[in-house]
Amino acid sequence: MMTRDVPEDAVGRRVSCDGERGTVRYVGTVPPTAGLWLGVEWDNPERGKHDGSHEGVRYFTCRHPTGGSFVRPKKASFGVDYLTALKQRYEVELEEAIGEEFKFCTKTVMMVGFEAVKQKQRVENLTEIALRSCEVSGPGPENEIRKTTPFAQSLDLSGNLLSSWEVLAEITQQLESMQVLQLSYNRLSLSSDPTSLSPAFSRLRVLSVKSCALTWSQVLHCAPMWQQLEELYLADNDITELVRPVSVLQTLKVLDLSNNRIVQETALEISHLPRLENLNLSCTGVSVIQFSDASAGNKTALFPALKKLLLDDNNISEWSVVNELEKLSCLVQLSCRRNPLLQKEKNYETARQLFIARLSQLELLDMRQVLSDERRGAELDYCKMFGLAWLQAGGHCDPEKNHPSTEFNTEHPRYLALIQKYGPPDESELREQKPFALKNQLLTITFVCPDDAERKPIEKKLPGSMIVQKVKGLLHRLLKLPGAELKLAYTCAKMADREIEIDNDLKPLQFYSVEDGDRILVRWS
């Protein structure tokens, strides 16, 4: 025993001091001062002062040049065991809360209320246990956890003082029903034999280890412990270069790698995970995705089960990336917000329609459902938008003569499927893409009142960005119908037999794919 305040195994243990957590790297004297010091590497490098050196002498090393400092043992807490934290969290705090709530009631009422709530929240009946930031550092008396919380299925130990996976396993091996484990904001040293710890995580399905300073190689080293894992959350770690998981993580359905600066060339190393359905690559620096095993218009063998992909806050700037995503056989949900690609189009709604037209199976884009009418409008718009390029590349209305160039098919891999679905666009609908300018964005719209034959059609030039509410205000004045409730729909040459309802007053005309020369039908009540 070093001193009454410092355990013999202090080096490597986790401590907290003034709300900051760190790992003890040194215990001893630091001349010229007297007495014992703890050399601590802090999780937050801004808490430290140096790299473990003092006046030219190195006492320990840190990952960050300002990650270390010395503190007196009496200022540092080595934490408490699981059972002590549990009692504090669920018994002492509960009694204090109930006492405060009933302090103005009679003693009898207070005791009845206290006993009722206490019975309802008896520790041994808990299935979800939250010990976040409770300074848990170990299990406590042997086998007492098993007796105290036998039904626990979900455990939150985020932001605690656990020092290793072995110490954690001493806790979890006593929670035989545990399926969900939150471990974010911890620093756990690796086990030399992770497979031997797997019984402690035998039923684990969901694991969150966000902000734990883990590398991908460390994750793969630990993975043999989690043989039944389905969801793994690794946001904001030190993951850069990915390596293909072999014989581990094969049961994963959800993987979150967001806020890790992943090396571009290694991003597809996880594409062989057979059950992966949900992948979060937001804020990872992704700029290019390429499935070289499949040509344009064909499906890739990679990511065979992937249904949901998050790519927000990346460096994607080319539509070729979206074309590659069409090769994924199961993709139905995509989020691609705040990427440079969106700035290439005149507004977000135009970009959204291009996403929808290029991705045939998409059901949810940027957290918004893709409705059938929106898809139809987007695909028809796409056919018109690139119709001239199709003709110039060798496209033809006669199927036997329709042989556009390989370059065009690579840039627009869905185009042939779309003209097979809707028929080739009429030449009268094809317009050369003009630079963005107000005069180029004015649409010639004809307003028709089908229920009032005496009213003549009215032709107006309106910007595509004009919202429906303002269009209705204009029609109130033109038709002299103040206060009337207007209902709008539009038709175009390609859909002469069908009316598309314009039902959202806050959306612009271009949201509904209204084009130059289209007709808007006006009805009122």
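The values are calculated or read from the model by the stated rules, or taken from the named source; none is laboratory data. Note that the structure is predicted; figures quoted are calculated from it, not measured. Here the Cβ positions follow ideal geometry from the backbone for every residue, glycine too, while neighbour counts run over all protein chains shown. All accessible areas refer to the heavy atoms of the entire protein, side chains included, with ligands and DNA or RNA removed. Shrake-Rupley method; radii C 1.70, N 1.55, O 1.52, S 1.80 Å.
Multiplying the residue separation of residue 88 and residue 470 by 0.36 nm and removing their Cα-Cα distance gives an extension gain of 131.5 nm. In plain terms, the bigger the Kirkwood radius, the slower the diffusion; for the range 128-232, with that radius from Cα pairs, at 37 °C and 0.692 mPa s, Stokes-Einstein puts D at 242 µm²/s. For the range 142-197, the relative contact order works out to 45 percent when only alpha carbon pairs closer than 8 Å and six or more residues apart are counted.
The residues 336, 283, sorted by heavy-atom accessible surface at 1.4 Å with ligands and nucleic acids left out, run 283, 336 from largest to smallest.
Checking every one of the GluC sites (Glu not before Pro) in the range 135-177 against DSSP loop status and a limit of 11 other Cβ atoms within 10 Å picks out 142. Note that the chain carries a Kirkwood radius of 28.3 Å, evaluated over its alpha carbons pair by pair.
For the pair the range 290-309 and the range 392-408, the centres of their Cα atoms are 25 angstrom apart. Residues 216, 319, ordered by accessible area of protein heavy atoms at a 1.4 angstrom probe radius and largest first, appear as 319, 216.
Our summary gives the range 329-391 a relative contact order of 36 percent, counting only alpha carbon pairs under 8 angstrom and 6 or more residues apart. Annotation: per residue accessible area for the range 36-91 equals 53 Å², rounded to a whole number [probe 1.4 Å, protein chains only].
Kirkwood analysis of the range 209-270, using all unique Cα-Cα pairs, places the hydrodynamic radius at 11.7 Å.
Of the accessible area of the chain, computed with a 1.4 Å probe over protein heavy atoms only, carbon and sulfur atoms account for 49 percent. Across the range 208-323, Cα pairs under 8 Å and at least six residues apart give a relative contact order of 21 percent. Each other residue within a Cβ distance under 12 Å of residue 455 adds +1 if Lys or Arg and -1 if Asp or Glu, for a net charge of 0. Each label point was placed 7 Å from the Cα along the Cα-to-Cβ direction; for residue 72 and residue 287 their separation is 5.3 nm. The convex hull built on the alpha-carbon positions of the range 257-299 has an orientation-averaged projected area of 3.6 nm². Based on protein heavy atoms only, the range 123-176 ends up with 41 Å² per residue of surface accessible to a 1.4 Å probe. Between 0 and 90 degrees, rounded to the nearest ten: what's the tilt of helix 348-358 against the longest Cα principal axis of the chain? Taking the Cα atoms of the chain, the angle to 348-358 is about 80 degrees.
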